[in-house]
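Let me begin by presenting the structure, written as structure tokens, before commenting on it.
No lab work stands behind these numbers, since they all come straight from the coordinates. Every value quoted in this text rests on a predicted model; they were computed, and no experiment measured them. Quick reminder, even Gly has a Cβ in these numbers, built from the backbone with ideal geometry, and neighbours come from all protein chains shown.
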Amino acid sequence: MRLSRYFLPTLKEAPSDAQIVSHQLMLRAGMIKQEAAGIYAWLPLGLRVLNRIEQIVREEQERAGAVELLMPTLQLADLWRESGRYDAYGPEMLRITDRHERELLYGPTNEEMITDIFRGFVKSYKSLPLNLFHIQWKFRDERRPRFGVMRGREFLMKDAYSFDIDEASARKAYNRMFVAYLNTFARMGLKAVPMRADTGPIGGDLSHEFIVLADTGESQVFCDRKLVEMPAPGRDVDWDDLQAIVDERISMYAATEEMHDAGQFETQTVEADRLTARGIEVGHIFYFGTKYSVPMKARVAGPDGKDTEVHMGSYGVGVSRLLGAIIEASHDDSGIIWPDSVAPFDVVVINLRANDEAVCAACEEAVAKLEALGKDVLYDDTDERPGGKFATADLIGIPWQLTIGPKGLADGVVELKRRATGEKLSVPLDEALAKVRG
Ligand SMILES: Nc1ncnc2c1ncn2[C@@H]1O[C@H](COP(=O)(O)OP(=O)(O)O)[C@@H](O)[C@H]1O
Ligand SMILES: [Mg+2]
């Protein structure tokens with residue numbers, strides 16, 4: 001992608017109402033534009049990162065056995081009357097009336113709709129277990145939308161819903177999502193800690209929030225330091241029996257403010273390991289049994305031929321919020337530092353003299369060779385001065401910067417910089433390519 005043909009409206013300074021660093025950097029890096037309180041347009045650079053995060057979430061859901069579908073954003077109010085939540089949800093729900101005076105709503109979540117889809121097609125225990133997910137925009141008319149995409153009104157969520165014949169099987173589904181979440185966040189370079197959580201309006205009796213520790217987080221959290229450093233389980237696990245992996249983690253104290261028990265924290269955790277911090281909720285999983293299947297009559301025939309209500313769970317990831325969380329965890333004074341796995345481009349090639357034929361030819365050769373290696377390349381072919389180009393490259397956080405100018409070219413070298421460490425190498429192009437290939 002040539003920067004001269006791209007759309008990257010960077011800002012020198014963030015608007016003063018952007019309070020936290022991730023919001024400031026997303027605006028300065030030309031990733032988003034606010035259209036209304038808590039409602040954002042995703043500009044090209046922001047969309048690239050959003051898509052990469054979405055893809056990691058999708059891959060890890062599928063690895064854990066979940067199946068993707070796509071439900072609409074608009075839902076019928078009558079469906080929510082069946083569960084009793086239409087009246088219970090309150091002013092956070094955006095209610096809409098169509099030209100036929102039919103009541104609709106912009107979905108804040110999808111338990112009712114997925115239960116309706118399920119009961120329309122699934123009739124036997126033989127189709128279970130089943131876990132269906134989608135990645136779709138949600139709307140919640142938050143009282144205080146703030147911090148950019150972190151607490152939006154319109155935001156992208158991955159939500160999965162599991163269906164099982166009984167509680168024991170449903171707990172296995174819960175464990176699969178628990179482990180999938182640990183792997184998902186680790187792939188994005190995040191340390192997300194599972195913490196016992198309140199079930200809120202979703203309801204139910206078993207719930208964990210996945211929390212990224214950050215000073216700007218909205219939740220107060222309490223946990224065992226060892227849990228933060230524990231590596232993710234990885235892919236090679238026995239997906240049918242994850243209880244030991246889950247137990248190892250939930251045996252350590254970790255709770256959000258609403259669930260915190262100071263006495264238990266002290267007995268369960270030695271003082272040196274007691275961590276009190278702020279955190280960002282990036283995922284939330286719930287087991288709620290038959291809370292929806294009973295009122296909505298989602299039943300299947302069991303092995304004995306008798307109909308029983310299915311046991312359900314739901315599992316959310318804040319896909320758009322994750323951009324903010326990753327930036328909070330990974331930035332410096334010059335800008336964003338994207339982890340390789342979610343970066344909008346892998347490499348930026350910086351042309352130090354855009355009116356010099358030999359330099360342009362060398363840059364184009366570098367771009368072509370990087371693309372042949374399967375890398376996404378942003379080519380800064382503009383005629384801006386070098387200082388401005390370096391500042392932009394640092395701001396937008398591309399993991400590798402490959403700089404080519406007349407002086408280096410005469411010596412047969414290019415300059416390669418790793419954004420995360422600041423480490424710079426002056427080496428022949430082929431050596432730089434080998435480094436980037438990894
Ligand atoms: N207003 C919001 N803006 C961005 N992401 C959100 C918002 N509300 C929830 N999320 C994300 O969606 C995930 C699932 O939402 P859920 O737990 O149902 O919401 P909440 O915790 O706000 O009641 C959360 O863990 C969070 O990452
Ligand atoms: Mg939650």
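Here are some notes:
- Order of VAL427, VAL212 - criterion: other Cβ atoms within 10 Å of each residue's Cβ, fewest first: VAL427, VAL212
- DSSP beta bridges fully contained in the chain are about 85 percent antiparallel.
- Annotation for the stretch 27-54 versus the stretch 64-84: alpha-carbon center distance of 26 Å.
- Cα gyration tensor shape of the stretch 347-437, rounded if a/c is under 1.5, else prolate or oblate by comparing a/b with b/c: rounded
- Computed over the stretch 155-257, Cα set: Rg, Dmax in Å: 13.8, 42
- Stokes-Einstein diffusion for the stretch 318-379, with the hydrodynamic radius set to the Kirkwood value over Cα pairs and evaluated at 25 °C in a medium of 0.890 mPa s, equals 180 µm²/s.
- Part-to-part distance (alpha-carbon centres) for the stretch 334-351 and the stretch 130-199, which is given in Å: 27 Å
- Ordered by the number of other Cβ atoms lying within 10 Å of each residue's own Cβ, fewest first, SER162, SER207 fall into the sequence SER207, SER162.
- With an a/c value of 1.5 or above and a/b not larger than b/c for the gyration tensor axes a ≥ b ≥ c computed over the alpha-carbon atoms, the stretch 52-131 is described as oblate.
- Rounded to whole Å, the principal axis extents of the Cα atoms in the chain read 81, 61, 43, largest first.
- Oblate is the label for the stretch 227-351. Its Cα gyration tensor axes, ordered a ≥ b ≥ c, give a/c of at least 1.5 and b/c at or above a/b.
- By average C-beta atoms within 10 angstrom, highest first, the peptides 378-387, 4-13: 378-387, 4-13
- Peptides ranked, highest mean first, by Cβ atoms within 10 Å: ranges 249-259, 347-357: 347-357, 249-259
- Restricting the calculation to Cα atoms, every distinct pair contributes to the Kirkwood radius of the stretch 96-162, found to be 14.3 Å.
- By average C-beta atoms within 10 angstrom, highest first, the peptides 408-417, 23-32, 312-321: 312-321, 23-32, 408-417
- The residues neighbouring GLU271, those whose beta-carbon lies less than 12 Å from its own, together hold a net charge of -1 under the Lys/Arg +1, Asp/Glu -1 convention.
- Of the beta bridges in the stretch 347-437, as assigned by DSSP with both residues counted there, near 45 percent are antiparallel.
- Here the stretch 355-417 and the stretch 222-251 have alpha carbon centers that stand 42 Å from each other.
- Pairs beyond 20 Å (Cα-Cα), from LYS12/LYS375; LYS172/LYS291; LYS191/LYS226; LYS389/LYS424: LYS12/LYS375
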